[in-house]
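S.K.: Below you'll find the structure I mean.
Readers should treat all values here as calculations from the given coordinates under stated rules, not as data from a laboratory. If you're wondering where the values come from, they're calculated on a predicted model, not measured in any experiment. Cβ: placed from backbone, ideal geometry, glycine included. Neighbour counts: every protein chain shown.
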Amino acid sequence: MIKIGIIGFGRMGITHYSIINTHPEVNIVAVADTSKVTLGILKKYIDSVDVYGDYKELIDKSKPDAVIVSTPPSLHYPIIRYAFERGINVFCEKPFTANIREAEELARLFSSAQLINQVGYANRFRDVFQETKVHLLDGVIGKVSTYRSEMLSGTVTKKSTGSNWRDQAEHGGGVIFEMASHLIDLNNFLFGKPVGATGAILERMYSINVDDIVKANIFHESGLHGSIYVNWCDTSYRKPHISVEAVGSKGKIIADFYGYKIFLNEKNDVLKLKKGWNVFTLPEVNGSVEFYLRGNEFTRQLYYFVDCILNGIYSNESSFEAALFTHSIIEKITLNQRSS
């Protein structure tokens, strides 16, 4: 049985608690949060879990095998570093730090230790994108020459006051950390290691201190190139939405939250794909999970984290080291935009 502590009990902390509490090999032993109201409710209704107002107390007194960190990003580094020093496995919400130097340090430390580390880039665990990756690896559309990707939402639709941490870049706020990081990481998952970014444009619509729109061209180690466009002020989308289109020598594949479709220049008898468009809707693609909340991907990522601990799998698919590639591209986009 793995003992887990949850640090930060806001929207994502509650989501993670609800999901991981269903795992038969997990015992949630403690929760830490700075809100006295939250802690009071937990004390009243969940007597099997210890509650703390400080993460150090949780780690030192409850001695968990792993912690799930869902605080604002600016608090991630000291929490993760403290957990590392005490030999504790870490699942952390993205971005796992708001600073590239801290990200490099944590990736190096955890890579050198036998500690499971994972960042909550949940889109890697979506059925649609996992099937898309399989098709790309199998060469269904041939050698991929380029891709374009978008992430759109109506998250910010009025003038900001600038007082929230999400409107402070140093705290991990702004569209580039909050949303573009998801899209960049997904592209890394689908297309491989990124090495550079050019043509970056960052724009503000409603925010005071951070950008609301980001556009950039991305280059990968394989020589492949693509583009990203992220806008969290698009009122035509109630919830965040991602779409990715990859073009290859044999056709193209377009995937989004609702399914994917493959266009082939010639039929594929092995996979029973016809010439032209082949459409796969979400009900055809989605598998089942042990407990559903907000999407299969949220359960899959946490169960995967636990499985890595149980089985001693240290090459985690969404490790700090993998997330560092995303962080480095964010840094390159920011620097490229400043120099343009």
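S.K.: If the cut-off is a Cα-Cα distance under 30 Å, which lysines reach K215, setting aside same-chain residues fewer than 8 apart in sequence?
M.R.: Within the straight-line limit of under 30 Å, K215 reaches these lysines: K94, K133, K143, K158, K159, K193, K239, K250, K252, K261, K332.
S.K.: Among Y45, L115, S74, whose Cα projects farthest towards the positive end of the dipole of region 2-121, with charges put on the beta-carbon of Lys, Arg (+1) and Asp, Glu (-1)?
M.R.: Selected residue: Y45.
S.K.: Okay, next question. Between Y258 and E290, what FRET efficiency follows from the Cβ-Cβ distance if R0 is 30 Å, with the result rounded to 0.05?
M.R.: Efficiency, rounded to the nearest 0.05: 0.80.
S.K.: What is the antiparallel percent of DSSP beta bridges lying wholly in the chain, to the nearest 5?
M.R.: 60 percent
S.K.: Take each of the peptides 11-18, 108-115, average the number of other beta-carbon atoms within 10 Å over its residues, and list them starting from the highest.
M.R.: Ranked by mean Cβ neighbours within 10 Å, highest first: 11-18, 108-115.
S.K.: For the chain, take the longest principal axis of its alpha carbons; what is the angle in degrees between that and the long axis of helix 296-311, to the nearest 10 within 0 to 90?
M.R.: That helix lies at roughly 60 degrees to the long axis.
S.K.: 222 nm [θ] for the chain, helices only, -39500 (n - 2.57) per DSSP H run of 4+, per residue, to 500?
M.R.: -9500 deg cm²/dmol
S.K.: Contact order normalised by length for region 160-302, with contacts defined as Cα pairs under 8 Å and 6 or more residues apart; what percent is it?
M.R.: Reported relative contact order: 13 percent.
S.K.: Subtracting the Cα-Cα distance from 0.36 nm times the residue separation, let me have the gained length for K275 to T22 in nm, one decimal.
M.R.: Computed gain between K275 and T22 is 86.7 nm.
S.K.: Using Cα-Cα distances under 8 Å and only pairs 6 or more residues apart, what relative contact order does the chain have, in percent?
M.R.: Relative contact order for the chain comes out at 19 percent.
S.K.: Using alpha carbon coordinates only, what is the Rg to Rh ratio of region 2-121, with Rh defined as the Kirkwood radius?
M.R.: 0.95
S.K.: Give the angle, between 0 and 90 degrees and rounded to the nearest 10, that separates the Cα long axis of helix 11-20 from the longest principal axis of the Cα atoms of the chain.
M.R.: Rounded to the nearest ten degrees, it is 90.
S.K.: Rounded to a whole number, what is D in µm²/s for the chain from Stokes-Einstein with the Kirkwood radius over alpha-carbon pairs (4 °C, 1.567 mPa s)?
M.R.: D = 62 µm²/s.
S.K.: Now a separate question. Would you please give the residues with an amide H less than 5 Å from that of L293, counting only those at least 5 places away or on a separate chain, with H modeled from the backbone geometry?
M.R.: T299
S.K.: Which length gain, in nm to one decimal place, applies between K193 and N164 when the Cα-Cα distance is subtracted from 0.36 nm times their residue separation?
M.R.: Stretched fully, the K193-N164 segment lengthens by 7.2 nm.
S.K.: Quickly rank 151-161, 126-136 as a protection proxy: mean count of other C-beta atoms within 10 Å, highest first.
M.R.: In descending order of packing, they fall as 126-136, 151-161.
S.K.: Mind listing which GluC sites (Glu not before Pro) in region 1-101 are in a DSSP loop and have 16 or fewer other Cβ atoms within 10 Å?
M.R.: Those satisfying the criteria are E25.
S.K.: Now a separate question. When the dipole is taken about the Cα centre of region 2-121, and only Lys, Arg (+1) and Asp, Glu (-1) are charged at their Cβ, what size is it in debye, to the nearest 20?
M.R.: That gives a dipole near 160 debye.
S.K.: What whole-number distance in Å separates the alpha-carbon centres of region 40-79 and region 129-172?
M.R.: Cα centroid of region 40-79 versus Cα centroid of region 129-172: 30 Å apart.
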